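A.B. asks: Please read through the structure below; I'll follow up with questions.
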Amino acid sequence: MDQVATTPKDLAGAVLSIDLGAVQKNWRTLNAHAGAAECGAAVKGNAYGLGVEPVGRALWEAGCRSFFVARPKEGEELRGQLPEAVIYVLDGLFPGQAEFYAQNNLLPALISTEEAREWAAFGRVYGRKLPCAIHVDTGINRLGFPIREYTALLAETATMEGLNVSLLMSHLACAEEASHPLTLKQRDTFREVRGLLPGVPASLANSSGIFLGKDYAHDLVRPGIAIYGGNPTPALPNPMQAVALLEGTILQTRTVRAGETVGYGATWQATRETRIAVLGAGYKDGVPRALSSGNTDTPPQVFLEGHRCPIIGRISMDMMAIDVTALPHAVSRGETAEILGPHILIDEAAGWAGTISYELLTRLGSRYARLYSELDSGPAA
């Protein structure tokens, strides 16, 4: 297996392995579900914390051609790896930065009339109509043209004549719930919005939206979390493969007597003689402090030697403790335990921490040894 580490494995308290083959397989699964629609990829936030350069290259080799970032600097970084890719900037056109976008061939997802006018005006100076997306808000009330402003823009002939609109898009607020009233309302609103700009490719579906059917697929889908192993169908088994494997190295083992406590604040107290192991991973590494455990029957867990071991006490900056009493034999310094991976899925761990898989992945720290596995040998799409 071809692997590259950013920090030497033997010098890191924790190791983050990213399976690029799984990234590609997940994208191919999503591409198949998208039907006739093109399947793009959201790689914002450094590919959800997993590394935009290696992940972007892996997706390109799998057949992905359209990419979505949040910020223009992210687009510049990706452009350095993928000179032929179509790269949309979801946060729109930053004020006074049209030349930066043009130089890096980045397509802003325009979110206001002000941005549309600025992009059209720059294109006239630049000498050609530059491609862009128009992002319409259909009910999530974040970024995007309000419907009234969108219809006014379409009537603004001078501005529209200066735009090369390559995509019309919106974003679902409750895609995990097919029958949610807002999901249905957004579907219908986007259909109306699209009808006002005929002939322009359209995009509505995110990861979960892909599984809502053809009424949501349109011309281009743009999955994110599902590519990285998150479950796009929370009510059903996860059709995606785990991508990230986070392992903590055992720094020390010890025996705690009944009545003694473990960690800051003495929040966990042994009710019997307990064997514990201390792992070299903490909240500085992105392990949520919310995974800290008191004396509960079902605390958060890690996976070690074929068994789930409870996390005990508070997660600290650089370490965490686990209960290894139930293991059939003693564990040793230098062994590793799975904190996230195929046995501790990111959605499960996120649930323990009271958050979502998106946050869990994007907060993974920078001091791990990062290992990137080989690419999948399957055919390109």
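A.B. asks: Can you work out which of the residues in region 52-75 that are in contact with a Lys or Arg (Cβ under 7 Å, 6 or more places away or on another chain) and of a type outside the set (Val, Ile, Thr) is farthest from residue 96 (Cα to Cα)?
C.D. replies: Ranking the candidates gives 62 first.
A.B. asks: Residues of region 103-119 being touching a Ser or Thr at 6+ places or on another chain (Cβ under 7 Å) and within 12 Å of residue 162 (Cβ to Cβ), which ones?
C.D. replies: 116, 117
A.B. asks: Right, next: So in region 76-88, with the set limited to residues that are in contact with a Lys or Arg (Cβ under 7 Å, 6 or more places away or on another chain) and assigned to a strand (DSSP E or B), which one is most open to solvent (accessible area, probe 1.4 Å)?
C.D. replies: Among those residues, the one meeting the criterion is 86.
A.B. asks: Of the conditions (1) in contact with a Pro (Cβ under 6 Å, 6 or more places away or on another chain); (2) open to solvent by less than 10 Å² (accessible area, probe 1.4 Å), residue 310 fails just one. Which one is it?
C.D. replies: Condition not satisfied by residue 310: (2).
A.B. asks: Looking at 209, 224, can you tell me which residue is open to solvent by less than 10 Å² (accessible area, probe 1.4 Å) and either touching an Asp or Glu at 6+ places or on another chain (Cβ under 8 Å) or within 20 Å of residue 351 (Cβ to Cβ) (or both)?
C.D. replies: 224
A.B. asks: If you don't mind, another one. Quick check on region 175-217: of everything there that is within 16 Å of residue 144 (Cβ to Cβ) and either of a type in the set (Phe, Trp, Tyr) or part of a loop (DSSP other than H, G, I, E, B) (or both), which residue is nearest to the chain's Cα centre (by Cα)?
C.D. replies: Taking the candidates together, the pick is 206.
A.B. asks: If you check 233, 253, 261, 274, which single one turns out to be out of contact with any strand residue (DSSP E or B) (no Cβ under 7 Å at 6 or more places or on another chain) and open to solvent by less than 70 Å² (accessible area, probe 1.4 Å)?
C.D. replies: Going through 233, 253, 261, 274 in turn, just one is out of contact with any strand residue (DSSP E or B) (no Cβ under 7 Å at 6 or more places or on another chain) and open to solvent by less than 70 Å² (accessible area, probe 1.4 Å): 233.
A.B. asks: Looking at 266, 277, which is the one that is farther than 30 Å from residue 207 by Cα and in contact (Cβ under 8 Å) with a residue 60 or more places away in the chain?
C.D. replies: 277
A.B. asks: Would you point out which residue out of 92, 56, 45 is small (Gly, Ala, Ser), open to solvent by 10 Å² or more (accessible area, probe 1.4 Å), under 25 Å from the mean Cα position of the chain (by Cα) and under 30 Å from residue 232 (Cβ atoms)?
C.D. replies: The conditions single out 45.
A.B. asks: For the list (1) part of a strand (DSSP E or B); (2) more than 15 Å from residue 133 (Cβ to Cβ); (3) among the hydrophobic types (A, V, I, L, M, F, W, C), I need the number of the one condition that residue 68 fails.
C.D. replies: Residue 68 satisfies all of (1) part of a strand (DSSP E or B); (2) more than 15 Å from residue 133 (Cβ to Cβ); (3) among the hydrophobic types (A, V, I, L, M, F, W, C) except (2).
A.B. asks: Go through (1) more than 24 Å from residue 223 (Cβ to Cβ); (2) buried (at least 20 other Cβ atoms within 10 Å of the Cβ); (3) modelled with pLDDT of 95 or more; (4) of a type in the set (A, V, I, L, M) for residue 317 and report which single condition fails.
C.D. replies: Of the numbered conditions (1) more than 24 Å from residue 223 (Cβ to Cβ); (2) buried (at least 20 other Cβ atoms within 10 Å of the Cβ); (3) modelled with pLDDT of 95 or more; (4) of a type in the set (A, V, I, L, M), the odd one out for residue 317 is (2).
A.B. asks: Here's another thing I want to ask about it. I'm trying to understand the selection: among the residues of region 333-357, which are in contact (Cβ under 8 Å) with a residue 60 or more places away in the chain, more than 16 Å from the chain's Cα centre (by Cα) and open to solvent by less than 60 Å² (accessible area, probe 1.4 Å)?
C.D. replies: The answer is 334, 335, 336, 337, 338, 339, 353.
A.B. asks: Can you find a residue that is farther than 15 Å from residue 212 by Cα, modelled with pLDDT of 95 or more and open to solvent by less than 60 Å² (accessible area, probe 1.4 Å) anywhere in region 172-180?
C.D. replies: Within region 172-180, none of the residues are farther than 15 Å from residue 212 by Cα, modelled with pLDDT of 95 or more and open to solvent by less than 60 Å² (accessible area, probe 1.4 Å).
A.B. asks: Quick one: in region 152-171, of everything that is open to solvent by less than 50 Å² (accessible area, probe 1.4 Å) and assigned to a loop (DSSP other than H, G, I, E, B), which residue is nearest to residue 226 (Cα to Cα)?
C.D. replies: Per the stated criteria, the residue is 171.
A.B. asks: Of the residues that make up region 281-298, is at least one of a type in the set (Lys, Arg), in contact with a Ser or Thr (Cβ under 9 Å, 6 or more places away or on another chain) and over 30 Å from residue 230 (Cβ atoms)?
C.D. replies: No - not one qualifying residue is present in region 281-298.
A.B. asks: Take the conditions hydrophobic (A, V, I, L, M, F, W, C), surrounded by 22 or more Cβ atoms within 10 Å (Cβ to Cβ) and within 16 Å of residue 315 (Cβ to Cβ) and apply them to residue 290. Does it pass?
C.D. replies: When the stated conditions are applied, residue 290 does not pass them.
A.B. asks: Residue by residue through region 181-214, note down the ones that are among the charged types (D, E, K, R) and at pLDDT below 95.
C.D. replies: Answer for region 181-214, where residues must be among the charged types (D, E, K, R) and at pLDDT below 95: just 214.
A.B. asks: Looking only at region 114-151, how many residues end up being open to solvent by 10 Å² or more (accessible area, probe 1.4 Å), within 20 Å of residue 188 (Cα to Cα) and not in a loop (DSSP other than H, G, I, E, B)?
C.D. replies: 5
A.B. asks: On the given criteria, is residue 32 assigned to a helix (DSSP H, G or I), modelled with pLDDT of 95 or more and open to solvent by less than 60 Å² (accessible area, probe 1.4 Å)?
C.D. replies: no
A.B. asks: Right, another one. Quick check on region 197-214: of everything there that is in contact with a helix residue (DSSP H, G or I) (Cβ under 6 Å, 6 or more places away or on another chain) and not polar (S, T, N, Q), which residue is nearest to residue 32 (Cα to Cα)?
C.D. replies: Across region 197-214, the extreme among qualifying residues is 210.
The values are calculated or read from the model by the stated rules, or taken from the named source; none is laboratory data. Everything numeric here is computed off the predicted structure, so don't read it as measured data. Because the Cβ atoms are built from the backbone with ideal geometry, glycine has one as well, and the counts that use them run over all protein chains shown. Just so you know, the surface numbers come from the protein's heavy atoms only, side chains and all, with ligands and any DNA or RNA stripped out. Shrake-Rupley method; radii C 1.70, N 1.55, O 1.52, S 1.80 Å.
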